[in-house]
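Worksheet: one structure, shown below.
The values are calculated or read from the model by the stated rules, or taken from the named source; none is laboratory data. Bear in mind the structure is a predicted one, so any value in this text is a computation, not a measurement. Positions of Cβ are backbone-derived with ideal geometry, glycine not excepted, and every protein chain shown enters the neighbour counts.
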Amino acid sequence: MRVLITGGAGFIGSHLAEILLQNDHSVICLDNLSTGSEENIKHLRQNPRFRFVEGDIFNAAVVEHLVREVDAVVHLAAAVGVKLIIEDPVSTIETNIHGTQTILSAASKHNTKVLIASSSEVYGKLEKIPLSEEDDMLFGPTVHARWCYACSKAVDEFLALAHHKRTGLPVVIMRFFNIVGPRQTGRYGMVVPRFVEQALTNRPITVYSDGSQVRCFLYVREAVDAVMRLLYEEKAVGEVINIGHPEPITILQLAQTVRKLLNPDAEITFIPYEQVYGKGFEDIKKRVPSIEKASRLIGFSPKVGIEEIIKITADWMKKKIVSS
Ligand code: UDP
């Protein structure tokens, strides 16, 4: 299969490219290198089945040209990280909505299958455990920029499903829940690479608020394995599917686990949200996926637990620290 990955030089995109190439597929990776990096894909460059195109998903002519060459598109290019979203909501909304529009309209011309990366953010503040695909969305007010990400991803989902309904365009919507592992940067606020780097460099581990917020962390290799299976699963077409690990952990427990595994002398420090994200920041208290649908459709059953993820991420981070 020939696959176009938008955001292919990013964290999830580069892992997906890798696993597709390992399974004898061909990959075109489109990335504007705004948050992705050449470093993430440099080991793939010599593979004759891999092609990198530096470009923007807003460029309809480029997108259309590339879509014509492939059997499927995995649309991962998007604004990333709570920090970036709060700092630049205009780009977040434009990238997420206009970018997805461009991809879907190009795919419509050739009836090309599109897998759209959505996010567990679309559930918003809903505190139900676990969260199922048919659950309501509960967003905060528009004066809090954080919610623009959730809303823009929800619009992407509506748009993709509307295309599917109108023309039968084969679309699959993947709601990712906190995907983590090597190549994820802490630059945009992501907690696991930040904690791991802090512990390895003897800096305090920065828990925001009291650390009682709950998340579930999925190892990136298991996430891209699910994406690969979704590329083939006919029953997934027209569906919204949670992709996450079902095992919850509080952020304080995460900090304690990182300290135990990487640096028992590390200090854990508590920082108010306001200090990091400004006044009125609203965090999501609990986010735990139901993976019943993914398990039924593609036999999804994540095996890698948080301790192993921390160790794998730390091994990668150590090499990065040494080489920088
Ligand atoms: N977080 C934290 N310290 C950090 C970075 C993040 O305590 O240095 C918290 C953050 O407030 C959130 C959780 O960790 O409650 C997960 O944050 P991340 O940005 O990784 O993902 P998301 O908020 O999208 O779930």
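Okay, residues lined up against (1) surrounded by 13 or more Cβ atoms within 10 Å (Cβ to Cβ); (2) touching a strand residue (DSSP E or B) at 6+ places or on another chain (Cβ under 8 Å); (3) within 26 Å of Asn40 (Cβ to Cβ):
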{"site": "Ile241", "(1), (2), (3)": "yes, yes, yes"}
{"site": "Thr250", "(1), (2), (3)": "yes, yes, no"}
{"site": "Glu274", "(1), (2), (3)": "no, no, no"}
{"site": "Glu282", "(1), (2), (3)": "yes, no, no"}
{"site": "Leu297", "(1), (2), (3)": "yes, yes, no"}
{"site": "Val304", "(1), (2), (3)": "yes, yes, yes"}
{"site": "Glu307", "(1), (2), (3)": "no, no, yes"}
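Given the structure, is Ala107 within 16 Å of the ligand (Cβ to nearest atom) and crowded, with 19+ Cβ neighbours inside 10 Å?
Here the answer is no, as Ala107 does not meet what is asked.
Which residue, of Val214, Val191, is within 20 Å of the chain's Cα centre (by Cα), β-branched (Val, Ile, Thr) and surrounded by 19 or more Cβ atoms within 10 Å (Cβ to Cβ)?
On inspection, the qualifying residue turns out to be Val191.
Name the residues in segment 181-212 that are within 11 Å of the ligand (Cβ to nearest atom), assigned to a loop (DSSP other than H, G, I, E, B), in contact with a helix residue (DSSP H, G or I) (Cβ under 6 Å, 6 or more places away or on another chain) and at pLDDT 95 or above, would you?
If the condition is that a residue be within 11 Å of the ligand (Cβ to nearest atom), assigned to a loop (DSSP other than H, G, I, E, B), in contact with a helix residue (DSSP H, G or I) (Cβ under 6 Å, 6 or more places away or on another chain) and at pLDDT 95 or above, then Gln184, Ser209, Gly211 are the ones that fit.
Can you tell which of Thr92, Thr100 is closer than 14 Å to Ala78 by Cα, among the β-branched types (Val, Ile, Thr) and within 16 Å of the ligand (Cβ to nearest atom)?
Among Thr92, Thr100, only Thr92 is closer than 14 Å to Ala78 by Cα, among the β-branched types (Val, Ile, Thr) and within 16 Å of the ligand (Cβ to nearest atom).
Can you tell which of Ile321, Ile271 is within 13 Å of the ligand (Cβ to nearest atom), in contact (Cβ under 8 Å) with a residue 40 or more places away in the chain and of a type in the set (A, V, I, L, M)?
So the residue among Ile321, Ile271 that is within 13 Å of the ligand (Cβ to nearest atom), in contact (Cβ under 8 Å) with a residue 40 or more places away in the chain and of a type in the set (A, V, I, L, M) is Ile271.
Report, by residue number, each residue of segment 6-60 that is more than 17 Å from Val80 (Cα to Cα) and in a strand (DSSP E or B).
Ser26, Val27, Ile28, Cys29, Phe50, Arg51, Phe52, Val53, Glu54 - these are the residues of segment 6-60 that are more than 17 Å from Val80 (Cα to Cα) and in a strand (DSSP E or B).
Looking at Gln253 and the list (1) part of a helix (DSSP H, G or I); (2) within 8 Å of the ligand (Cβ to nearest atom), which single condition is not satisfied?
(2)
Report, by residue number, each residue of segment 6-22 that is over 21 Å from Val67 (Cβ atoms) and in contact (Cβ under 8 Å) with a residue 24 or more places away in the chain.
Scanning segment 6-22 gives Phe11, His15, Glu18, Ile19.
Considering only segment 82-136, how many residues are under 30 Å from His65 (Cβ atoms), outside any helix (DSSP H, G or I) and under 19 Å from the mean Cα position of the chain (by Cα)?
The qualifying residues number 7.
Would segment 162-169 turn up any residue that is within 19 Å of the chain's Cα centre (by Cα) and either of a type outside the set (Lys, Arg) or closer than 24 Å to Ile93 by Cα (or both)?
no
Starting from residues that are in contact with a helix residue (DSSP H, G or I) (Cβ under 9 Å, 6 or more places away or on another chain) and among the β-branched types (Val, Ile, Thr), keep the ones in segment 313-324 and report whichever is surrounded by the fewest Cβ atoms within 10 Å (Cβ to Cβ).
Step by step, filter segment 313-324, then rank; the result is Ile321.
Have a look at Tyr277, Tyr232 and point out the one that is within 30 Å of Asp156 (Cβ to Cβ), within 16 Å of the ligand (Cβ to nearest atom) and of a type in the set (Ser, Thr, Tyr).
Among Tyr277, Tyr232, only Tyr277 is within 30 Å of Asp156 (Cβ to Cβ), within 16 Å of the ligand (Cβ to nearest atom) and of a type in the set (Ser, Thr, Tyr).
Would you point out the residue of segment 280-311, among those that are within 15 Å of the ligand (Cβ to nearest atom) and not in a loop (DSSP other than H, G, I, E, B), that is nearest to Asn242 (Cα to Cα)?
The selected residue is Pro289.
Restricting attention to segment 137-156, report how many residues are more than 22 Å from Leu230 (Cα to Cα), in contact (Cβ under 8 Å) with a residue 12 or more places away in the chain and either of a type outside the set (Lys, Arg) or away from the ligand (no atom under 16 Å from the Cβ) (or both).
Residues flagged as more than 22 Å from Leu230 (Cα to Cα), in contact (Cβ under 8 Å) with a residue 12 or more places away in the chain and either of a type outside the set (Lys, Arg) or away from the ligand (no atom under 16 Å from the Cβ) (or both) within segment 137-156 amount to 13.
Write out, first by first residue and then by second, each pair whose Cβ atoms fall under 6 Å of each other, whose residues are 6+ apart or on separate chains, and whose first residue, in segment 117-128, is without any contact (Cβ under 8 Å) to a residue 60 or more places away in the chain while the second is among the aromatic types (Phe, Trp, Tyr).
Short answer, once both residue conditions are applied: Ser119/Phe176.
Within segment 64-78, can you find the residues that are more than 15 Å from Ile97 (Cβ to Cβ) and touching a Gly at 6+ places or on another chain (Cβ under 9 Å)?
Correct list: Leu66, Val74, Leu76.
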